[in-house]
1. Counting only the heavy atoms of the protein chains, how much of S263 is accessible to a 1.4 Å probe, in Å² to the nearest 10?
2. Treating only the Cα positions of region 29-124 as identical point scatterers, give the base-10 log of I(q)/I(0) from the Debye formula at each q in 0.11, 0.12, 0.20, 0.22 Å⁻¹.
3. Calculate the dipole size of the chain relative to its Cα centre from +1 charges on Lys and Arg beta carbons and -1 charges on Asp and Glu beta carbons; express the result in debye to the nearest 20.
4. Only loop residues by DSSP count here, and only those with at most 10 other Cβ atoms within 10 Å; note down the GluC sites (Glu not before Pro) in region 225-286 that meet that.
5. How big is the chain along each principal axis, measuring the range of its Cα positions in Å and listing the largest first?
6. Work out how far the C-alpha atoms of region 184-296 reach from end to end along every principal axis, then list the three figures in whole Å, largest first.
7. Give K129/K188; K107/K129; K47/K224; K73/K107; K47/K129; K139/K251 a once-over and call out the pairs whose C-alpha atoms are over 22 Å from each other.
8. What number, in nm² with one decimal, is the all-direction average of the projected area of the convex hull of the alpha-carbon atoms of region 131-254?
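The values are calculated or read from the model by the stated rules, or taken from the named source; none is laboratory data. Bear in mind the structure is a predicted one, so any value in this text is a computation, not a measurement. Neighbour counts are summed over all protein chains in view; Cβ atoms, including those assigned to glycine, are modelled from backbone coordinates with ideal geometry. Areas reflect the complete protein model, heavy atoms only, side chains present, ligands, DNA and RNA absent. Shrake-Rupley method; radii C 1.70, N 1.55, O 1.52, S 1.80 Å.
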Amino acid sequence: MDLTLVVLAAGMGSRYGGNKQLDGIGPNGEIIMDYSIHDAINAGFTKVVFIIRTDLKEAFENHYAERFKGKIKMEYAFQNEYTEHTAPYEPIRKKPWGTTHAVLAAKHLINEPFVVINADDYYGQESFKEVVAAMKDLKENEYLIMGYELVNTLSDHGTVNRGVCQVDENMHLVGIKETLSIGKKDGKISYEEDGVTHELSPDTYVSMNFFGFPPSVLPLFEEKFIAFVEENKESPKAECFMPVEVGNLMKEGKAVVKVVPTSASWLGVTYKEDKEHVVAGIEQMVADGTYPQEVK
């Protein structure tokens, strides 16, 4: 089946201190998303849509002028140009309108089932194969979220925020709790809330913003976004987050969200200090043959 990979790449890494999406971490200047695209091609994806800002277009086109040529169709959508529902309010905006807005910027390019990922996360080869297998049985009102084991998503250089998944006996998502400042200390994983320390199991499922959708979700996202804009039109910082809207659709009975468990290891550059760990991880996977010397 035709399957599109949608890459959220319009943001800037404020904690990292620069445009981490285009920061080389592989032996031949590969960036994190190159490995995601490589894995997606091998798993059977037929198209990738990059959601970027217009000022990143030249850099992206230069990077992908030859890389993956003839292996997958590549297209671009520009979040800052999608003002269909926001034009009157753009002058007061200080931030983009969020990930729901980003996905809607690419709606004209998506006519098939699609998967959404972050540009600056490494998700692991297994996860792409697992999501493709799960997408083959996807119904119109079903969405997928990859469930990563918490222990595989932590940073050694600071705390992280994670969407902790609550699931039922059928691995259907019941809810996601956005949990702040999760860290490792004395061999335990915990976070603090209202002055109370809460411990989390290492195999707790968390969302890393790796979703699968049928194309029928796009009009629903648009309805949600229009309502969000109307409600927040005078707020210069409000953002419409895709995971929140997925949760709203689930609560309204318009969707069932299946959690697809994966034991894949996640790598990401949350802090500058994480880059060394990511580079070492990629180097090891090149050395053991998981990836070729040059991903292209």
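1. 80
2. Normalising to I(0) and taking log10 leaves -0.36, -0.43, -1.09, -1.27.
3. Working: 30 positive and 46 negative charges, 84 e Å.
So the dipole magnitude of the chain works out to roughly 400 debye.
4. Details: sites: E230, E231, E234, E239, E245, E252, E273, E276, E283; in loops: E234, E239, E252, E273.
Passing sites in region 225-286 are E234, E252.
5. For the chain, the Cα extents along the three principal axes come out at 51, 51, 40 Å.
6. Rounded to whole Å, the extents work out to 51, 46, 31 Å.
7. On the way: K129/K188 31 Å; K107/K129 24 Å; K47/K224 26 Å; K73/K107 16 Å; K47/K129 16 Å; K139/K251 18 Å.
Over 22 Å Cα-Cα: K129/K188; K107/K129; K47/K224.
8. On the way: hull surface 39.7 nm².
Here the figure is 9.9 nm², rounded to one decimal.
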